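Data block below; observations after.
What follows is calculated from the coordinates using simple rules that are stated; it is not laboratory data. Source: prediction; values computed, not measured. Using ideal geometry, Cβ is built from the backbone for each residue, glycine included, and neighbour counts are taken over all protein chains shown.
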Amino acid sequence: MLKVTFKKEPRMTGLMGVGFPYQSVNIKVDKKVVGVIHAPNWQTKDNLWGVSFSVIKATPDDNPNCDWKWIHLKARFANEEDAREFVKNNIGDVVERYTFHYMDE
């Protein structure tokens, strides 16, 4: 089982803090960022939290300079804690289907 850790992104300040009241959360495996729990903001229609992972592309596409892509899970959550639990419980399923692209910090 993979050890998953989380780190909150810095809080937005000023007028940005009005539109982005919550902090998104980086998902880490082996101390490297592999995904994000997206906080709801002024553009989010359903006001729910979402989960995305950065993965290696299985097939090349039109952009030869980029060998990875974002996958966005359909699951949506009412709060950050539910999203964290979902990631912890289902990270194995994501690893079975995809190879993570580790983000630089």
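Observations, loosely collected:
- Exceedance of the 22 Å cut-off in Cα-Cα distance is limited, within the set 45/69; 28/74; 8/88; 7/32, to 45/69.
- Mean separation of Cα contacts under 8 Å, 6 or more apart, over the residue count of the chain: relative contact order %: 24
- The ellipsoid that matches the Cα gyration tensor of the stretch 4-53 has semi-axes, each √(5λ) in whole angstrom, of 22, 13, 6, with the longest given first.
- Evaluated with a Cβ-only charge set (Lys, Arg +1; Asp, Glu -1), the chain carries a dipole of roughly 200 debye about its Cα centre, given to the nearest 20.
- Of the chymotrypsin sites (Phe, Trp or Tyr not before Pro) found in the stretch 1-63, those in coil by DSSP whose Cβ has at most 10 other Cβ atoms within 10 Å are 42.
- Nearest-ten-degree value, helix 80-97 long axis tilted from longest Cα axis of the chain: 10
- Computed from the C-beta positions of residue 9 and residue 62, the FRET efficiency with R₀ = 35 Å rounds to 0.70.
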